[in-house]
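Before any comments, here is the structure.
The values are calculated or read from the model by the stated rules, or taken from the named source; none is laboratory data. Worth saying up front: this structure is predicted, and the values here are computed from it rather than measured. Every residue, glycine among them, receives a Cβ derived from its backbone with ideal geometry; neighbour counts consider all protein chains shown. Side chains included, ligands, DNA and RNA excluded: accessible areas come from the protein's heavy atoms. Shrake-Rupley method; radii C 1.70, N 1.55, O 1.52, S 1.80 Å.
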Amino acid sequence: MSISMKEYIDEAEKSLLHTYNRYQIVLDKGDGVYLYDLEGKKYLDFVSGIAVFALGYNYKDYNDALKAQIDKLLHTSNYYYNVPAVEAAKKIKEASGMDRVFFTNSGAEAVEGALKAARKYAYNKDGHTDHEIIAMNHSFHGRTFGALSVTGNPHYREAFEPMIGNIKFADLNDFDSVLSCVTDKTCAIIMETVQGEGGIYPASEDFLKKVRALCDEKDILLILDEIQCGMGRTGYMYAFQRYGIKPDIVTTAKALGCGVPVGAFLLNEKVAQNSLVAGDHGTTYGGNPFACAAINKVLDLFKDDNIIENVNLVAPYLESRLDELKDKYEFITERRGLGLMQGLVFNRPVGDVINKALSNGLILINAGANIIRFVPPLIITKENIDDMIDILDSCLRDL
Ligand SMILES: *Cc1c(COP(=O)(O)O)cnc(C)c1O
């Protein structure tokens, strides 16, 4: 007799540290835009592991590339070169327009590296160790101490104080609030190009351009965290490409590996030549051949299978269908987002809606208590969107 889903959940609650309030399903396999639980129930997935599985599940070319690399070489130390890392770095440079790549195992680690590079850059200029970083309220940059220190959600930080020092918080899209934080010690400004966890808030073009000009004027480094909004999600490879500006440092992860845990921070040549040098930073696993085989294949498939073209094809349709729901239900107050990174804002908590959708075979996630976030695989079709809307609409009707 097979062990039931309930038994696995009970076992999990005895063994795993309870740092998540998990939905009561055990996911077993995936195919395309669908996930299946242990009992064979099928779910349409509009979360994709939180903006990770851009290509959808069980993508044959991708799986084959990983299998081939497993049989060849899984790991070497960063004290040696390996072919997949060289190729992946070249492709990321091309995709992002940045000049140098440091591979990590996660998003938070990419943020850590970005912060270290920024501090080192400033240290190299004046030899001081009292530099300040400006971050945004409602931002999310990860759970490690550096990343948490620039995360604009006091609730996540409080119990873990003291954070790394000299961080100031401004408001996204409020340039004056940024200006009022700037001092002659400011070394970097970090923000998500589109805030994810904080509630799907895109930076405005005017704001981003003003911040870029400010950074140029004062030689402050602009760090854009594209861990969630990058990799084609907004209809551009990286969301900043929409705005016609370039950051000094970019963090990328999530969909970069499409399921293999990878990340990277990317630097322009100015920062690369004047910050981290041998001995300043390192990682055992980051950029190993297996991880980089995943990145290589993902970046190839983005091109060969026109992934971003699909985003630009279906995203306006998703927006219009979500707008219909907003117009239909008075408890939905706003729809916002870019491309396939959308939020539907309610005037009430959305937890019960998400649970109801789950029992009706649709996987959704929130971004804050009152917002449903839509970050589906980038391969979704208009039919998938119609199916999602039908299920969601039926859940909303009974509210
Ligand atoms: C998910 C996320 C992170 C953290 O990435 P991990 O891989 O979970 O460490 C950082 N920044 C943003 C914008 C994210 O969405």
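Out of MET163, MET136, report the one residue that is within 12 Å of the ligand (Cβ to nearest atom) and of a type outside the set (Gly, Ala, Ser).
MET136
Listed residues ASP248, ASP280; which is of a type in the set (Asp, Glu) and open to solvent by less than 10 Å² (accessible area, probe 1.4 Å)? Outline the logic, then answer.
Working: ASP280 fails: open to solvent by less than 10 Å² (accessible area, probe 1.4 Å).
Testing whether each residue is of a type in the set (Asp, Glu) and open to solvent by less than 10 Å² (accessible area, probe 1.4 Å) leaves just ASP248.
Give the residues of segment 257-277 that are open to solvent by less than 10 Å² (accessible area, probe 1.4 Å) and under 22 Å from LEU208 (Cβ atoms), sorted by residue number.
Matches in segment 257-277: ALA264, PHE265, LEU266, VAL271.
Condition check ((1) assigned to a strand (DSSP E or B); (2) over 18 Å from the mean Cα position of the chain (by Cα)) across all residues:
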position: ASP184; (1), (2): no, yes
position: GLU197; (1), (2): no, no
position: LYS210; (1), (2): no, yes
position: ALA213; (1), (2): no, yes
position: ILE227; (1), (2): no, no
position: THR234; (1), (2): no, no
position: GLY244; (1), (2): no, yes
position: THR251; (1), (2): yes, no
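For THR129, state whether it is away from the ligand (no atom under 15 Å from the Cβ), without any contact (Cβ under 8 Å) to a residue 24 or more places away in the chain and not in a helix (DSSP H, G or I). Talk me through it step by step, then tell me what you get.
Values: away from the ligand (no atom under 15 Å from the Cβ): yes; without any contact (Cβ under 8 Å) to a residue 24 or more places away in the chain: yes; not in a helix (DSSP H, G or I): yes.
Answer is yes for this residue.
Determine whether ALA118 is assigned to a helix (DSSP H, G or I), in the same structural domain as HIS281 (by TED's automatic domain parsing) and either away from the ligand (no atom under 16 Å from the Cβ) or closer than 17 Å to LEU222 by Cβ (or both). Full working, then the answer.
Values: assigned to a helix (DSSP H, G or I): yes; in the same structural domain as HIS281 (by TED's automatic domain parsing): yes; either away from the ligand (no atom under 16 Å from the Cβ) or closer than 17 Å to LEU222 by Cβ (or both): yes.
Judged against the criteria, ALA118 is a match.
Of the residues in segment 190-209, how many are touching a Leu at 6+ places or on another chain (Cβ under 9 Å) and either more than 12 Å from the ligand (Cβ to nearest atom) or of a type in the set (Val, Ile, Thr) (or both)? Walk me through how you get there before you give the answer.
Initially, segment 190-209 is screened for residues touching a Leu at 6+ places or on another chain (Cβ under 9 Å), giving 190-195, 198, 200-204, 207-208.
Those left that are additionally either more than 12 Å from the ligand (Cβ to nearest atom) or of a type in the set (Val, Ile, Thr) (or both): 190, 193-194, 200, 202-204, 207-208.
Residues meeting the conditions: 9.
Which strands (runs of 3 or more DSSP E) does segment 2-107 wholly contain that include 1 or more residues that are open to solvent by 90 Å² or more (accessible area, probe 1.4 Å)? Give the derivation first.
On the way: elements: 27-31, 34-37, 42-45, 100-104.
In segment 2-107, the matching strands (runs of 3 or more DSSP E) lie at 27-31, 42-45, 100-104.
Assuming ILE227 fulfils every condition listed in (1) out of contact with any helix residue (DSSP H, G or I) (no Cβ under 6 Å at 6 or more places or on another chain); (2) of a type outside the set (Ser, Thr, Tyr); (3) within 16 Å of the ligand (Cβ to nearest atom) apart from one, which condition is it?
Only one criterion in (1) out of contact with any helix residue (DSSP H, G or I) (no Cβ under 6 Å at 6 or more places or on another chain); (2) of a type outside the set (Ser, Thr, Tyr); (3) within 16 Å of the ligand (Cβ to nearest atom) is unmet by ILE227, namely (1).
VAL298 - would you say it is in contact (Cβ under 8 Å) with a residue 24 or more places away in the chain and part of a helix (DSSP H, G or I)?
On the way: in contact (Cβ under 8 Å) with a residue 24 or more places away in the chain: yes; part of a helix (DSSP H, G or I): yes.
So VAL298 passes the test.
State the number of residues belonging to segment 158-191 that are closer than 25 Å to ASP206 by Cβ and small (Gly, Ala, Ser).
If we filter segment 158-191 for residues that are closer than 25 Å to ASP206 by Cβ, which is where we start, we get 167-183, 186-191.
Filter once more, keeping what is small (Gly, Ala, Ser): 170, 177, 180, 188.
Going through segment 158-191 one residue at a time, the tally reaches 4.
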